[in-house]
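First the structure, in the form of structure tokens, and then the observations on it.
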């Protein structure tokens, strides 16, 4: 059985390695929901692999008109990118995100569990 | 399947938030009662791993990609569907606020799909299948696949209620893509459980034992 401290460090190390590699290995194809959306709004065939960029833009305007939800939020690292830094910025962004998640998960768990 | 803001009207998004908050409250109660000092690092590792693996979009056919959700894994390893709600909520908040991945007004719907539905379907299908297979790996694979597939269908229904997708075409498209993405979910869920059970059999002792 693995030592408890080593297990924790190994777990976080694996997460950070995945985070660092993610931008280099991840596919930039639309995900399942986006693909369904583009298919339904005519920017892509259900089983086709090409996306009509122009139609995709129109689709986004159309859906906003349907739902009326115009809320938009300027996140600090949109789409896991850091301005001016290409792929390495993305890797840094995912690593930062992973560390933030670790911090919040540890902190919140400690605070909540302590009340018991 | 992170829903962006534009896909759901605000009043409906508010309803999803209210439902999500009820489950978040229940997840916090679970954490207060069940989260021992021993398990806290495990929550942090799972949250970090799930966040990182969600950034890895794997290509599937039809010009599409998909990534793991992780709810079934979290629920199985920590022994409660509320563990998935707890962890996926944290992950979704960081993704939405820092990276604009998934809308903020619609985050309630994303928490319901990926945390609540993913966690409950993953956990209970795993528990139900464990006595049938007498080994944790096949049940973990099926639970992972089913958790993602059902969450995707729920998302399609929400899109239909929102007026964004027609119901049948939405269910068909979401079902088709996520039936394939589910293979990724199931495979990584089973593999991660193998890794954890190998490194620390004590952690998995409660959840891999076949009920008599």
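Before we move on, is residue A:43 within 21 Å of residue B:168 (Cβ to Cβ), free of Cβ contacts under 8 Å to residues at least 24 places away in the same chain and under 19 Å from the mean Cα position of the chain (by Cα)? Criteria not met by residue A:43. For residue B:148, the conditions (1) at pLDDT 95 or above; (2) more than 23 Å from residue B:61 (Cβ to Cβ) are fulfilled apart from (2).
Any residue at all in region A:61-70 that's surrounded by fewer than 19 Cβ atoms within 10 Å (Cβ to Cβ), touching a helix residue (DSSP H, G or I) at 6+ places or on another chain (Cβ under 7 Å) and on the phi < 0 side of the Ramachandran plot? Checked against the condition, which is being surrounded by fewer than 19 Cβ atoms within 10 Å (Cβ to Cβ), touching a helix residue (DSSP H, G or I) at 6+ places or on another chain (Cβ under 7 Å) and on the phi < 0 side of the Ramachandran plot, region A:61-70 yields at least one hit. With respect to residue A:50, determine if the residue is within 7 Å of chain B (Cβ to nearest Cβ), surrounded by 15 or more Cβ atoms within 10 Å (Cβ to Cβ) and more than 20 Å from residue B:152 (Cβ to Cβ). Against the criterion (within 7 Å of chain B (Cβ to nearest Cβ), surrounded by 15 or more Cβ atoms within 10 Å (Cβ to Cβ) and more than 20 Å from residue B:152 (Cβ to Cβ)), residue A:50 does not qualify. Restricting A:94, A:100 to those that are surrounded by 13 or more Cβ atoms within 10 Å (Cβ to Cβ), within 9 Å of another protein chain (Cβ to nearest Cβ) and in contact (Cβ under 8 Å) with a residue 24 or more places away in the chain reduces the list to A:94.
Residues checked against (1) closer than 29 Å to residue B:202 by Cβ; (2) under 11 Å from the mean Cα position of the chain (by Cα); (3) more than 8 Å from every other protein chain (Cβ to nearest Cβ); (4) surrounded by fewer than 24 Cβ atoms within 10 Å (Cβ to Cβ):
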residue	(1), (2), (3), (4)
B:59	no, no, no, yes
B:69	yes, yes, yes, no
B:78	yes, no, yes, no
B:113	no, yes, yes, no
B:132	yes, no, yes, yes
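Just one of the listed residues (B:170, B:144, B:118, B:163) is within 11 Å of chain A (Cβ to nearest Cβ), touching a residue at least 24 places away in the same chain (Cβ under 8 Å) and in contact with a helix residue (DSSP H, G or I) (Cβ under 8 Å, 6 or more places away or on another chain), and it is B:163. For region A:72-79, the condition of being crowded, with 19+ Cβ neighbours inside 10 Å, within 21 Å of residue A:27 (Cα to Cα) and out of contact with any strand residue (DSSP E or B) (no Cβ under 6 Å at 6 or more places or on another chain) holds for at least one residue. Against the test of being within 14 Å of chain A (Cβ to nearest Cβ), buried (at least 20 other Cβ atoms within 10 Å of the Cβ), more than 14 Å from the chain's Cα centre (by Cα) and closer than 18 Å to residue B:75 by Cβ, the options B:193, B:184, B:188 yield a single qualifying residue, B:193.
Among residues of region A:22-34 being touching a residue at least 24 places away in the same chain (Cβ under 8 Å) and facing another protein chain (nearest Cβ under 8 Å), the one that is surrounded by the fewest Cβ atoms within 10 Å (Cβ to Cβ) is A:23. When restricted to residues that are assigned to a helix (DSSP H, G or I), over 15 Å from residue B:93 (Cα atoms) and at the interface with chain B (Cβ under 7 Å from one of its Cβ atoms), region A:66-89 contains 2.
Being in a helix (DSSP H, G or I), surrounded by 15 or more Cβ atoms within 10 Å (Cβ to Cβ) and more than 7 Å from chain B (Cβ to nearest Cβ) is the requirement here; does residue A:37 meet it? Yes; evaluated as a whole, the condition is true for this residue.
Assess whether residue A:11 counts as being at the interface with chain B (Cβ under 7 Å from one of its Cβ atoms), crowded, with 19+ Cβ neighbours inside 10 Å and out of contact with any strand residue (DSSP E or B) (no Cβ under 6 Å at 6 or more places or on another chain). Spelling it out, residue A:11 is indeed at the interface with chain B (Cβ under 7 Å from one of its Cβ atoms), crowded, with 19+ Cβ neighbours inside 10 Å and out of contact with any strand residue (DSSP E or B) (no Cβ under 6 Å at 6 or more places or on another chain).
Residue by residue, here is whether (1) surrounded by 24 or more Cβ atoms within 10 Å (Cβ to Cβ); (2) assigned to a helix (DSSP H, G or I); (3) within 11 Å of chain A (Cβ to nearest Cβ); (4) in contact with a strand residue (DSSP E or B) (Cβ under 7 Å, 6 or more places away or on another chain) holds:
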{"site": "B:25", "(1), (2), (3), (4)": "no, yes, no, no"}
{"site": "B:32", "(1), (2), (3), (4)": "no, yes, yes, no"}
{"site": "B:38", "(1), (2), (3), (4)": "no, no, yes, no"}
{"site": "B:55", "(1), (2), (3), (4)": "yes, no, yes, no"}
{"site": "B:73", "(1), (2), (3), (4)": "yes, yes, no, no"}
{"site": "B:93", "(1), (2), (3), (4)": "no, yes, yes, no"}
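The values are calculated or read from the model by the stated rules, or taken from the named source; none is laboratory data. Since the model is a prediction, treat every value here as computed from it, not as a measurement. Backbone-built Cβ (ideal geometry, glycine too); neighbour counts: all protein chains shown.
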